[in-house]
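For reference, the structure is listed below as structure tokens.
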Amino acid sequence: MEHLTVTANGADFHLVRAGKGKPLLLLHGWPEFWLTWEPVISRLSDRFTLVAPDLRGFGDSDKPDGPYGPDGHAADMLALMDRLGIDRFGVVGHDVGGAVMQPLARLAQKRFAGLFFFDFVYPGIGPRMAAPDRLNHIWYQSFHQMQMAPQLVGASRESCRLYIGHFLKGWAHRSDAFDEVLEVFIDNFLKDGNLAGGFAHYRASHEGRVAMMKGEAPKLPPIAVPTCVRWAEHDPLFPYSWTDRLSETFSDLDLKMFPDVGHFPHREDPDRAASEIAAFFARVGWS
């Protein structure tokens with residue numbers, strides 16, 4: 001694996017590049033950074049060129065001055081791939097990365113060979129996100145918008161470990177999925193600006209999130225890029241039943257349940273995750 005720093009769209013981005021073959025851009029979620037993809041990278045590097053950046057605000061990439069959401073990240077990623085000289089590519093994303101992929105695909109649909117998603121937010125979830133029995137699952141999205149949040153979480157290594165570990169373990173069905181790298185994740189989020197940088201996504205996304213929960217998300221034409229979604233069977237944050245309206249957002253959709261995993265399929269079962277990714281891109285002729 002090769003670590004690079006690339007300047008694009010007015011910021012410096014850290015990324016890891018590995019492998020050979022058709023390019024795939026890997027977009028992480030929260031609370032993650034490029035390293036979340038390492039098990040998938042190691043399993044696909046014989047078939048694809050994998051590009052795994054830290055989104056702006058995360059990892060070793062530059063930090064935004066204020067709120068920074070999916071539209072900004074999408075512009076960053078197009079500019080980053082331009083700087084790498086990659087015109088056409090596939091995209092794999094999860095969580096925040098999946099939220100970024102939607103405006104990314106709308107910016108330049110012809111540049112994408114295909115879109116592969118693990119669990120993520122899309123407009124069709126609608127008011128279900130704020131149903132009374134779901135409120136205990138989304139409290140963190142409001143907390144992250146509070147000015148004191150980075151100071152509280154980052155007050156000590158123990159507080160950061162308790163907070164980040166709560167999500168990495170609690171959202172996973174296989175709760176040991178991040179055990180080997182947990183301390184590396186804590187090191188990452190204790191770097192200057194990384195807690196606030198990740199929280200900036202929730203500040204920027206707040207207005208759109210509220211509109212979605214009111215059932216008032218803007219009606220946009222469906223994305224026509226070939227799309228594969230493998231949604232976890234046991235995701236406590238985003239239940240599989242919430243996939244029922246995906247066809248309103250993606251007109252060329254391949255949807256199946258990803259069995260026996262929670263919110264992080266790519267970490268909980270990387271063998272199957274890599275196999276599903278490779279199979280999809282082979283079906284669309286990108287292999």
Are there any pairs, at least 6 apart or on different chains, whose C-beta atoms fall under 9 Å, with the first in segment 1-26 and more than 15 Å from Pro64 (Cβ to Cβ) and part of a loop (DSSP other than H, G, I, E, B) and the second modelled with pLDDT under 95 and of a type outside the set (D, E, K, R), and if so, which?
Gly21/Ser287
What's the total number of residues in segment 149-170 that are open to solvent by 20 Å² or more (accessible area, probe 1.4 Å) and not hydroxyl-bearing (Ser, Thr, Tyr)?
12
Would you point out which residue out of Asp71, Asp95 is under 24 Å from Gly170 (Cα atoms) and either in contact (Cβ under 8 Å) with a residue 24 or more places away in the chain or in contact with a helix residue (DSSP H, G or I) (Cβ under 6 Å, 6 or more places away or on another chain) (or both)?
Asp95
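Here is a check on your reading of the model: is Gly90 closer than 25 Å to Pro265 by Cβ, touching a residue at least 40 places away in the same chain (Cβ under 8 Å) and open to solvent by 10 Å² or more (accessible area, probe 1.4 Å)? Even if it seems obvious, please write down each step before you answer.
Working: closer than 25 Å to Pro265 by Cβ: yes; touching a residue at least 40 places away in the same chain (Cβ under 8 Å): yes; open to solvent by 10 Å² or more (accessible area, probe 1.4 Å): no.
Considered against the rule, which asks whether it is closer than 25 Å to Pro265 by Cβ, touching a residue at least 40 places away in the same chain (Cβ under 8 Å) and open to solvent by 10 Å² or more (accessible area, probe 1.4 Å), Gly90 comes out as no.
Being of a type in the set (Gly, Ala, Ser), farther than 30 Å from Asp62 by Cα and surrounded by 22 or more Cβ atoms within 10 Å (Cβ to Cβ) is true for just one of Ala232, Ala200. Which residue is that?
Details: Ala200 fails: farther than 30 Å from Asp62 by Cα.
When all the criteria are applied, what remains is Ala232.
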Looking across segment 1-37 at residues that are among the charged types (D, E, K, R) and surrounded by fewer than 22 Cβ atoms within 10 Å (Cβ to Cβ), the single one that is nearest to Phe189 (Cα to Cα) is Asp12
Failed item in (1) of a type outside the set (S, T, N, Q); (2) open to solvent by 50 Å² or more (accessible area, probe 1.4 Å); (3) in contact with a Pro (Cβ under 7 Å, 6 or more places away or on another chain), with Leu195 passing the rest:
(2)
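Name the residue, out of Phe117, Phe143, that is under 26 Å from Leu35 (Cα atoms) and in contact (Cβ under 8 Å) with a residue 24 or more places away in the chain.
Numbers: Phe143 fails: in contact (Cβ under 8 Å) with a residue 24 or more places away in the chain.
Only one candidate qualifies: Phe117.
The values are calculated or read from the model by the stated rules, or taken from the named source; none is laboratory data. What you see is a predicted model; the values in this text were computed from it and never measured. Note that each Cβ is placed from the backbone with ideal geometry, even for glycine, and that neighbours are counted across all protein chains shown. These accessible areas exclude ligands, DNA and RNA; they are computed on the full protein's heavy atoms, side chains included. Shrake-Rupley method; radii C 1.70, N 1.55, O 1.52, S 1.80 Å.
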